[in-house]
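Here the structure is laid out as structure tokens; the discussion comes afterwards.
The values are calculated or read from the model by the stated rules, or taken from the named source; none is laboratory data. Model, not experiment: these values are computed from the prediction. Cβ sites come from the backbone with ideal geometry, for glycine too, and all protein chains shown count toward neighbours.
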Amino acid sequence: MAFTYKNSKGVTYILHAKNRVTSSGKKATLYYFSKEKKEGALDALPAGYVVAETANGMLVLKKK
């Protein structure tokens, strides 16, 4: 079951993660929310992160 979050406007989003290599060669994990379930959907919120919402209803992950 994918991790879902409903924003203040009532729209449900699903959390996803994508691993990539930066231009300096470091590995980084990108977290993003999408309305549709795609490859890379996460089952739980990553440890040490909380969901925050911007003034216009966009969801972001913040470190605790």
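Numbers at a glance
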| read-out | value |
| --- | --- |
| Test for Lys9: is it at pLDDT below 95 and of a type outside the set (S, T, N, Q) | yes |
| Some residue of region 9-21 being exposed (fewer than 10 other Cβ atoms within 10 Å of the Cβ) and among the aliphatic types (A, V, I, L, M) | yes |
| Filter result (among the small types (Gly, Ala, Ser), surrounded by fewer than 13 Cβ atoms within 10 Å (Cβ to Cβ) and either touching a Ser or Thr at 6+ places or on another chain (Cβ under 9 Å) or modelled with pLDDT under 95 (or both)) within region 26-46 | Ala28 |
| Matching option when the condition is of a type in the set (Val, Ile, Thr) and over 11 Å from the mean Cα position of the chain (by Cα), among Val21, Val50 | Val21 |
| Residue list for region 24-47, filter: over 16 Å from Thr4 (Cβ atoms) and either more than 11 Å from the chain's Cα centre (by Cα) or in contact (Cβ under 8 Å) with a residue 24 or more places away in the chain (or both) | Ser24, Gly25, Lys26, Lys27, Ala28, Glu39, Ala47 |
